[in-house]
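Read through the structure below, which is laid out as structure tokens, and then see the notes.
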Amino acid sequence: MEQGFLEREAKQANRKNKKMILILLLVVVSLLAFIGFMVREEIDLSDYRTQKIVICAAVLVGLMLVSAVLMLFLSGRAAADGSKSLGFLFPGRTREEVAAIIDREVAEGQILVDEYTAEFPKGKTPRGERVMLLSSYLLYCNSLGQILAIPREKIYWICAQAGRRGRSPFIVRLLIFTEKKTFYVEGADVAHMQKIADKLYEYIPNVFAAYDPFVLSYELETLFDKDRAAFMQFYEKEKG
């Protein structure tokens, strides 16, 4: 039986997550073994301070192992059922119904925008975070295999925000204002993120096209969080 889009993405992410987790565990265990070998002559388990260090190290390793097992379990569960990788579901449809719609639209070629948040040289396989616009949903696929599914009719505005905010470092991200909250998709290249926003504007109207998106985006972030009614009033006015 042919695999659906979500199942393929989940299995690919599961393979990558397994490899990453096992490599990290190998590095940590090797490092601890090396440290233990180098200080073996200095270890005195009858000393209270040494006992505390050994216990803390054992607890840390135990927590890492538990976290690794939990991540592998969650990743494996998503690989077994692609719908488990979906997040942020609006009321009205079950996870399975949303997954069926996404799989069907991808299979039918109803992919309007498909962009990775980083550009890759020609000939290299793209990987990492991805933004996809289907007929019914905007999907944000992160590097861990989770997929944010936002109904198109629940999106108010999308913009590429780039610049400095206060003393923070230079940032570039895609802001997605939805009916419930604002989502952020981090990027590394201003021009590329702007290109993604421009492609999305072909299908999701840029309601605030008359304004400077950098200045307005920060103002709307604050307004959206503090006074949703005022935001909606401004949105409806510009939309009209």
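The values are calculated or read from the model by the stated rules, or taken from the named source; none is laboratory data. None of the values given here were measured: they were computed from a predicted structure. FYI the Cβ positions are ideal-geometry reconstructions off the backbone, even for glycines, and counts take in every protein chain you see. Please note that ligands, DNA and RNA were not included when accessible areas were found on the heavy atoms of the full protein model with its side chains. Shrake-Rupley method; radii C 1.70, N 1.55, O 1.52, S 1.80 Å.
Ranking 217, 67 from most to least accessible surface, computed with a 1.4 Å probe over the protein chains only, gives 67, 217. In units of the compact-protein estimate 2.2 N^0.38 Å, the chain shows a Cα radius of gyration of 1.30. Projecting label points 7 angstrom from Cα along Cα→Cβ for residue 182 and residue 54 puts them 5.3 nm apart. Note on the chain: with a GNM built from Cα contacts shorter than 10 Å, the maximum mean-square fluctuation among 55, 176, 111 falls on 55. With a Cα cut-off of under 24 Å and a minimum spacing of 8 residues unless on different chains, the lysine pairs in the stretch 85-201 number 11. Largest accessible area first, the residues 125, 182 order themselves as 125, 182 under a 1.4 Å probe with ligands, DNA and RNA left out.
Remark: accessible surface ordering of 11, 52 (largest first) is 52, 11, probe radius 1.4 Å. Calculated [222 nm] ellipticity per residue, helices only, for the chain: -17000 deg cm²/dmol; basis is -39500 (n - 2.57) per DSSP H run with n ≥ 4, divided by all residues, nearest 500. Apolar share of the accessible surface for the chain: 59 percent from carbon plus sulfur atoms, 1.4 Å probe. If you average the C-alpha positions of the stretch 199-217 and of the stretch 126-140 separately, how far apart do those two centres end up, in angstrom? Spelled out, the Cα-based centre of one part sits 19 Å from the other. For the pair residue 202 and residue 20, a Förster radius of 35 Å applied to the C-beta separation gives a FRET efficiency near 0.50, rounded to the nearest 0.05. Applying a length cut-off of 15 Å (Cα extent along the axis) and a mean Kyte-Doolittle floor of 0.5 to the DSSP H helices of the chain leaves 5-38, 48-80. Estimated from the Cβ-Cβ distance and a Förster radius of 30 angstrom, the FRET efficiency linking residue 226 and residue 152 is about 0.70.
In the full protein context, the chain carries 61 Å² of accessible surface per residue, based on a 1.4 Å probe and ignoring ligands, DNA and RNA.
Computed from the alpha carbon atoms alone, the convex hull of the stretch 97-149 holds 84 Å³ per residue.
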